[in-house]
Amino acid sequence: MNIIEVENLQKTFHGKEVLRDLSLTVGRGDIYGFLGPNGSGKTTTLRILFGLLPKDGGRVRVMGQDIDRQDGAVRKKINMLPESHGFYSWMRGTEYLQYMGGLYGRHLDKSMRRYLLEQVGLNPEDTRSIRQYSRGMKQRLGIARTLINNPELIFLDEPTNGLDPKGRRDIHGLLKRLNRERSVTIVLSTHILDDVEHLCNRIGILSQGKIQYQGTLKGAENEVAPHYKFHFRKDVESETLKSIPGIHVLSVENGWLHCRLDGARPDQVVAAMVETGIPVSQVIRENDSLEEMYLRRTGGAS
Amino acid sequence: MSKVATVAFKECREDVFAVRGMGLYLTASLVLSAFGLLLVGNTELSLLDNAQAVYMMAGIILALAALIAVVRGSDGFAGERDRETLEALLISPASGEDLALGKLTALMVSWLLLYLLAVPYLWAVGSAGQNLSAALLYLFLAGTILMTIFGALVLSLSARVKSFKSAMSAGLILFLFAAAPVALGPSLRQSFIGRVLDWLNPFAVAMNMLDAVIIDSQTGPGRQLLPLMILAGYVAVAVWILWLSSRRIEL
């Protein structure tokens, strides 16, 4: 069942067409990676889906309700972490959650605030003001904010931007846990492929105002046939290698065969090589196929 | 606590914790101190009747209130937009009207603080004269009304323009436009245009009401009904404009 359905979404800013007939679907329970270069319209799309920006055309349904006819009930079940955190830096983390809870019409008592902070790995006893938080801590506090209304759907705009590798991994773990334990559907806008590879089961690649690819991550990886490198313990003739079924030889150099597999699995190729008497010592998957496909789909933009 | 009260409470706390909040009250107290000193220390001004001194001080207090409404009101939405805190507010289920009403309530608290700050100064310059209690009562009424009018109008601007600077500039123009007729000379104010401007301008209406109460001792109940009704009309229009502007606040 789809939690988000978008058909032919259009948006123009000052005469510039930002979104052109964008269509996408997000299933309940998905971690959907919304990929695209900077300025491709990811944030605009998320804001429209959340109801923060009016659309110029098309049809958007979130949780079964048309975005134009939302009565506020949907807003209570969804939440969003914008790219700019929007914290009041003079507040403490618990005070901020209490304030935002008030805006949701909820009184967050001490135990509830403690629970939310612990959920995201922040210390509830921390008395520092938010201005003293690291970027990773702010990101965690932002995620805690999105949990205030116990949402079924969360939009995250560039949640790992500016984080170091450890911080990124921590956020990945946190989001995976939320998805698994609380069954939260997550729509994640990013241009960081590492996020997508570690988190998402489905992706949409946005470029030039349109979805250029939508499907499973596995499908995306399969779109570009991966390159492999096989290392041999002794020199092997090119002609011998060409007799191995299921490979397309790209080059043979210094004991290394660089090839593309045409329908065969790497283990099948290794078996065929060993049968032919070729001593294979090492196999390396050569390229990041998602990156290649992303670059191809987005015209190499970053 | 309701959403409106949540916003109002946070805004009031920001008055205490943020430098700009306390800065306004500090500036206000410096202005009142300087003006109070002038009234009692300056050879010519010290000759003024006590009621006249209270009236002049009341005018300064109302001007300060309007200025605070302009500064804090401009910051209301446009400042949040500049500091990138607005999006988080709009993401919450609190409506634009809730946010606007919360911010307007906080402005009224700012006025209450300014008023409390001003009472000792008024007492210092007018305790020996007549109508001080009536002056305090009508000043409170006029200030509450003016704060609501200016606060609502500037918050409306703030909800619509993209930056604090733009909101502040537009708010100051509104303030100058509103205060200008008060600066008209006595003969011009007696002319037809002067009278029309006097009744069209909420600031002038409030000052004329204070003039009638403090200087002319027209303190009886019902004697200031007409100016109060005119001011109430302005309040209704300003709040309606704020309601319209805050229905759909954009980033």
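Things to note:
- Top positive-direction residue, dipole computed over segment B:185-251 with Cβ charges, set B:Gln218, B:Val205, B:Val239: B:Val239
- Farthest toward positive dipole pole in segment A:1-116 [+1 Lys/Arg, -1 Asp/Glu at C-beta], among A:Phe13, A:Tyr115, A:Pro82: A:Tyr115
- Cα-based helix-to-principal-axis angle, B:96-126 vs chain B, degrees rounded to 10: 20 degrees
- Within chain B, helix-based [θ] at 222 nm, where runs of 4 or more DSSP H residues each add -39,500 (n - 2.57), nearest 500: -25500 deg cm²/dmol
- The alpha carbon radius of gyration of the protein assembly as shown, expressed as a multiple of 2.2 N^0.38 Å, is 1.36.
- Relative to the current alpha-carbon distance between A:Arg265 and A:Phe13, full extension at 0.36 nm per residue lengthens the span by 85.9 nm.
- Segment A:224-297 has equivalent-ellipsoid semi-axes of 23, 12, 10 Å, by the square roots of 5 times the alpha carbon gyration tensor eigenvalues, sorted largest first.
- The calculated FRET efficiency for the pair B:Thr85 and B:Asp211, based on their C-beta separation and a Förster distance of 51 Å, comes to about 0.75.
- Gain on full stretching of the segment that runs from B:Thr43 to B:Val237 - 0.36 nm per residue minus C-alpha separation: 65.4 nm
- Degrees, to the nearest 10: A:110-119 long Cα axis against longest axis of chain A: 10 degrees
- Unsatisfied cross-links (Cα-Cα over 26 Å) in the set A:Lys55/A:Lys138; A:Lys138/B:Lys3; A:Lys16/A:Lys218: A:Lys55/A:Lys138; A:Lys16/A:Lys218
- Paired Rg and Dmax values of segment B:89-157, which use every Cα atom, in angstrom: 16.1, 55
- Estimated from helical segments only, the mean residue ellipticity of chain A at 222 nm is -9500 deg cm²/dmol, where each DSSP H run of four or more residues counts as -39500 (n - 2.57).
- Note on segment A:2-221: dipole from Cβ charges, positive end direction compared against A:Gly142, A:Leu49, A:Leu163; the farthest Cα belongs to A:Gly142.
- Sorting A:241-247, B:186-192, A:143-149 by their mean Cβ neighbour count within 10 Å, with the most densely packed peptide first, gives A:143-149, A:241-247, B:186-192.
- Degrees between helix A:266-276 axis and first principal axis of chain A (Cα, 0 to 90, nearest 10): 10 degrees
- Residue-averaged beta-carbon neighbours from other chains (10 angstrom radius) around B:79-87: 4
Taken together, the values in this text are just the output of simple stated rules run on the coordinates, not laboratory data. Keep in mind that this is a model prediction, so the values were computed, not measured. All Cβ positions, even for glycine, are placed from backbone atoms using ideal geometry, and neighbour counts span all protein chains on display.
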